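What follows is a single structure, written as structure tokens, with notes after it.
The values are calculated or read from the model by the stated rules, or taken from the named source; none is laboratory data. Bear in mind the structure is a predicted one, so any value in this text is a computation, not a measurement. All Cβ positions, glycine included, derive from the backbone under ideal geometry; neighbour counts span all protein chains shown. Accessible surface areas use protein heavy atoms only, side chains included; no ligands, DNA or RNA. Shrake-Rupley method; radii C 1.70, N 1.55, O 1.52, S 1.80 Å.
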Amino acid sequence: MTSEPKPQHLGANGEDVPDAHYVRTGDHSFRTTVYTQGAWSPLEQHMAASSGLMVHEIERNHPREDVIPVRLSYDILGFIPGGDIEVHTRVLRPGKTIELLEATMSAGGRDCIRLSMWRLKTSDTQDVAGGEIRPLPPVKECPPVDMTETWAGGFIATLEAHLAREPRPGSAAGWLRIKHQVVEGEESSHTARFVSAIDTANGIAPRVEPGKWAFPNVDLSIHLIREPVSEWVGLDTNVEIGPGGVGLTHSELFDENGPIGRVAQALTVRRMGD
């Protein structure tokens, strides 16, 4: 008889845990903490925490103050294990005004997430700035909500969440904020911390009951029109599920200054036990 494998996150087995999602162990290597623990399995990382780390590493390895990220496209290549991981980055398409960068997370010699990020040079477009998306109510006007009533996992348990609209199956709006550093002892940008909460969009408006159905996303696509000014992430989310086991979560994205972009996640939908 074999025993169940133990979670490899720091803090999951009772040891002291730092106030961060990750602990750096080398130039490109990290150890996860229990605060990255995923909602579908205690052995995995939550994609939200992973995505923030990958932005942190691009900004650390390829700093530029004259560009902003405008599209962050993550492909989830398989199970994202907790424990010892590596993140490597590179510039795919250098340029003075437009550049494309890549970050890859791996564990045990296997790639598990790949990020492709376009960054564009900033310019003054204040006189034509605007759009048609209605802002969410301010955080202070929204009641707090406990996401652990629906979801398990160390990452979800540490989120601060507020409800912006009464939810119904497949539709919800709210504000989220991570409580911990991205990497222990390292300052992270608002963008890295902001991105660290976005993947939770798929969990705030479930169209089907999580205990009876699984609907993990296989990707995460974020488009931004500016850099976030705060760590609060506003999401106005809707979910559609097709008849053949595929779904889509899509969200309008906000910070405390108003609309900032959009998010989409492709879902693989299956009945638990299938």
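So, with a 1.4 angstrom probe, what is the percent of accessible area on segment 1-105 that is carbon and sulfur?
The computed percentage sits at 51.
Which net charge results when you count Lys and Arg as +1 and Asp and Glu as -1 among the other residues whose beta-carbon is under 10 Å from that of Glu184?
Summing Lys and Arg as +1 and Asp and Glu as -1 gives 0.
Residue by residue through segment 204-212, what is 3J(HN,Hα) from phi via Karplus (6.51 cos²θ - 1.76 cosθ + 1.60, θ = phi - 60°)? Round to whole Hz and write x for glycine and proline.
Once θ is set to phi - 60°, the couplings for segment 204-212 become 7, 9, x, 7, 10, 6, x, x, 9 Hz.
State in Å² the accessible area per residue of segment 165-274; use a 1.4 Å probe, count heavy atoms of protein chains only, and round to the nearest integer.
Spelled out: the 1.4 Å probe surface of segment 165-274, per residue, equals 43 Å².
Leaving out ligands and nucleic acids, and using a 1.4 Å probe, what accessible area per residue does segment 75-163 come to in Å²?
Averaged over the residues of segment 75-163, the accessible area is 59 Å².
Could you tell me which of rounded, prolate or oblate describes segment 6-70, using a ≥ b ≥ c as the square roots of the eigenvalues of the alpha-carbon gyration tensor, with rounded for a/c under 1.5 and, failing that, prolate when a/b is larger than b/c and oblate otherwise?
prolate
Where does the chain land at 222 nm, in deg cm²/dmol rounded to the nearest 500, when only DSSP H runs of n ≥ 4 count, each adding -39500 (n - 2.57), divided by all residues?
-3000 deg cm²/dmol
Cα centroid distance between segment 22-59 and segment 211-274, in Å?
First find each Cα centre; the distance between them is then 19 Å.
Report the net charge of residues surrounding Ala173, where surrounding means a beta-carbon distance below 12 angstrom and charges are Lys +1, Arg +1, Asp -1, Glu -1.
0
Using a 1.4 angstrom probe on heavy atoms only, work out the carbon and sulfur share of the accessible area of segment 144-257 in %.
Answer for segment 144-257 is 51 percent, counting heavy atoms of protein chains only.
Need one number for segment 162-269: average projected area of the convex hull over its C-alpha atoms, nm².
7.2
By the scheme Lys and Arg +1, Asp and Glu -1, what is the net charge of all other residues having a beta-carbon under 11 Å from that of Ser106?
-1
Past the 24 angstrom mark, what percentage of all C-alpha to C-alpha distances in the chain do you count?
Counting pairs separated by more than 24 Å, the tail of P(r) holds 48 percent.
Rounded, prolate or oblate: which one fits segment 130-196, using the alpha carbon gyration tensor with axes a ≥ b ≥ c (rounded when a/c is under 1.5, else prolate when a/b beats b/c, else oblate)?
Oblate is the answer for segment 130-196, as a/c is 1.5 or above yet b/c matches or exceeds a/b.
For a quick check, take a GNM of the chain with Cα springs below 10 Å and name the residue from Arg90, Arg64, Arg114 with the largest mean-square fluctuation.
Of Arg90, Arg64, Arg114, the most mobile in the Gaussian network model is Arg64.
Could you compute Rg(Cα) / (2.2 N^0.38 Å) for segment 1-142, with N its residue count?
Normalised by 2.2 N^0.38 Å, the Cα Rg of segment 1-142 equals 1.27.
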